[in-house]
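Here, each number is a calculation from the coordinates, and none is a lab measurement. Worth saying up front: this structure is predicted, and the values here are computed from it rather than measured. Cβ coordinates were reconstructed from backbone atoms using ideal geometry, including for glycine residues, and neighbour counts include every protein chain displayed.
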Amino acid sequence: MTEEIEGAEKERKADGTRVPVDRRLYRKSFGDGALESEVEGWLAGCSTGRGQPSIPLEDIALTGSTRKTMSKRSCCFVGVTVTSILTVCLLAFYGNFDIQDTFLKLHMNYLEDVGFMGDGNVPSTASQRFVRARDYQEAGIKTVLLWNTLFGDRNFYFGEGDVFRDCPINKCKVFNYRDYLNVEDYDAILFHGNELSGYKMPERRRTRQLYVYVNLESPANRAVPDKYDENYFNLTMTYRLDSDVPWTYGIIEDTKTGKFVAPSRDADWSAFWNGTSAEEPVDELPSAILDVVRGKSKLVTWFVSNCKAKSGRLEYVKELSKHIGVDIYGRCGAFSCSRSQDCFSDVVEPNYFFYLSFENSFCDDYVTEKLMNPLGYNVVPVVYGGANYTQFAPPNSYVNALDFESPKELAAYLKYLSQDLRRYQSFLQWKKYYRVNHGTNRAACTLCEVLHKRKEPAVYSTLSAWYTKDKCPIQTLLSNANDRYATRITLGNYA
């Protein structure tokens with residue numbers, strides 16, 4: 001997945017698709033937070049007589065009109081602060097309470113009133129940060145810090161605002177600004193495992209604090225850094241279904257009830273089995289789907305930008321192309337999708353019968369947007385990967401390349417389906433019972449639930465063993481045998 005995601009903020013993916021099904025674009029700067037930091041820094045500079053910002057100017061974006069209003073805001077700030085101090089001192093003379101605590105709350109309330117708080121990017125003292133953490137704790141809110149970025153996204157693709165608002169358990173708050181609280185006071189810190197090398201790690205840590213290892217790539221492509229392998233992380237948040245917090249690239253929901261169905265080790269497809277069969281009349285499909293199918297004229301397409309995947313997918317497709325037409329979009333092919341197009345809705349769905357959902361490696365549970373994207377459209381995906389796909393997608397919703405003895409045999413079957421519309425449309429029957437939705441929202445909700453329900457922090461004594469050992473058996477066997485690609489025959493020989 002990394003090859004399609006890295007650099008997404010600079011240019012569209014080379015294979016022409018938009019950001020994956022539940023990937024959201026993000027702001028490239030700290031926005032209003034930068035202004036808040038500069039104003040606070042400017043005030044700090046004035047108080048010492050330097051009259052200069054306390055943070056580098058290259059780290060902020062300050063407009064000319066903002067500079068003209070600084071003096072007015074600083075005067076207002078100083079006035080309110082002095083008044084607050086006098087008031088607190090008078091009250092302290094007649095009452096018994098914590099002067100520092102009360103003043104800090106008054107000061108924080110002022111900052112909120114004038115809009116300095118913004119997204120939390122506010123310079124503050126250790127005492128202020130401590131008070132904030134205590135207030136969150138007393139309110140029963142779990143605080144989560146995003147330590148680094150997820151493929152360049154400082155919001156981990158959770159998006160802006162209250163990402164937990166629609167969760168069953170929603171008393172959690174996420175921050176991407178480290179100094180809003182003391183680092184050791186956050187309830188949990190999320191670390192993207194693939195980008196740890198570019199960041200310093202926390203210097204202080206409380207025993208109750210949970211360190212969460214986040215990784216959406218397979219171990220065949222990314223290993224756990226040695227220095228963080230042992231006794232460092234408490235929770236895992238990965239694409240794997242046995243993670244503490246599974247973060248899959250998409251989910252399948254029951255259309256009638258809205259309930260989650262898959263990905264799951266025990267996915268229940270009874271709604272499909274009880275309501276349909278491969279022999280069901282095709283006229284029971286919605287007319288919109290039938291119209292799309294009848295308008296298709298091309299056989300197979302593939303969007304790809306990594307031409308050297310370890311799974312041997314390019315070699316497989318080269319052989320497949322000898323027996324059936326395959327239009328390849330992106331760096332590895334001759335076709336392209338323009339920036340003005342929605343490649344799936346404008347190109348794939350109306351024209352092609354099949355989409356190649358070929359993963360870059362064969363690992364357990366490693367199912368990416370390569371499958372979840374086409375499932376959201378009226379096209380049949382052809383999967384090639386190491387997962388148990390019955391745990392990820394509805395029955396009769398895909399064709400598995402590893403069920404065939406050769407690319408030639410697969411090509412013959414795809415041609416047969418494209419020529420028998422009744423059989424082809426049976427692969428779209430599931431859409432009457434299920435729908436595809438984002439995986440990130442569910443992952444966020446699960447994270448919040450785990451933080452509230454977990455009592456004693458556990459620790460992964462050897463994270464690399466959990467993440468890597470025996471998790472990519474097909475990939476290992478394929479590499480050891482020096483085979484170009486995998487088929488049912490080659491897998492049978494390995495067994």
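Students often get this wrong, so check it: of K173/K431; K296/K318; K310/K469; K296/K431, which have C-alpha atoms separated by over 27 Å? With Cα atoms farther than 27 Å apart: K173/K431. Per-residue Cβ neighbour counts within 10 Å put D244, D135 in the sequence D135, D244, beginning with the fewest. By the count of other C-beta atoms within 10 Å, a proxy for reagent exposure, H192, H452, H438 are ordered fewest to most as H452, H438, H192. For segment 368-495, averaging the sequence separation of C-alpha pairs within contact (under 8 Å, six or more residues apart) and dividing by the residue count gives a relative contact order of 31 percent. With a threshold of 18 Å on the Cα-Cα distance, the over-threshold entries among K171/K259; K256/K432; K200/K455; K259/K432 are K171/K259; K200/K455. For T462, T368, the sequence from fewest to most other C-beta atoms within 10 Å is T462, T368.
Annotation for S305 and R205: the two label points, set 7 Å from Cα along the Cα-Cβ direction, are 3.3 nm apart.
The W273 and V459 beta-carbon pair, evaluated with R₀ = 41 Å, returns a calculated FRET efficiency of approximately 0.45. Put a dot 7 Å past the Cα of A288, heading toward its Cβ, do the same for N388, and the two dots end up 3.4 nm apart. Here the spin labels are modelled as points 7 Å beyond Cα on the Cα-Cβ line, and at I141 and A481 they lie 5.6 nm apart.
Annotation: amide H of H323 has no partner in the under-5 Å range at sequence separation 5 or more or interchain, hydrogens built in the peptide plane. Express the relative contact order of segment 250-438 as a whole percentage, based on alpha carbon pairs under 8 Å and six or more residues apart in sequence. In percent, rounded to a whole number, it is 30. Note on segment 322-396: with charges restricted to the Cβ of Lys and Arg (+1) and Asp and Glu (-1), its dipole about the Cα centre is near 240 debye. Backbone phi angles across segment 253-265, fed through the Karplus curve with coefficients 6.51, -1.76 and 1.60 (θ = phi - 60°), yield HN-Hα couplings of 10, 5, 5, 6, 9, x, 6, 5, 10, 8, x, 6, 4 Hz in residue order; Gly and Pro are listed as x.
Quick check: from the Cα gyration tensor, does segment 148-189 come out rounded (a/c under 1.5), prolate or oblate? Verdict is oblate for segment 148-189.
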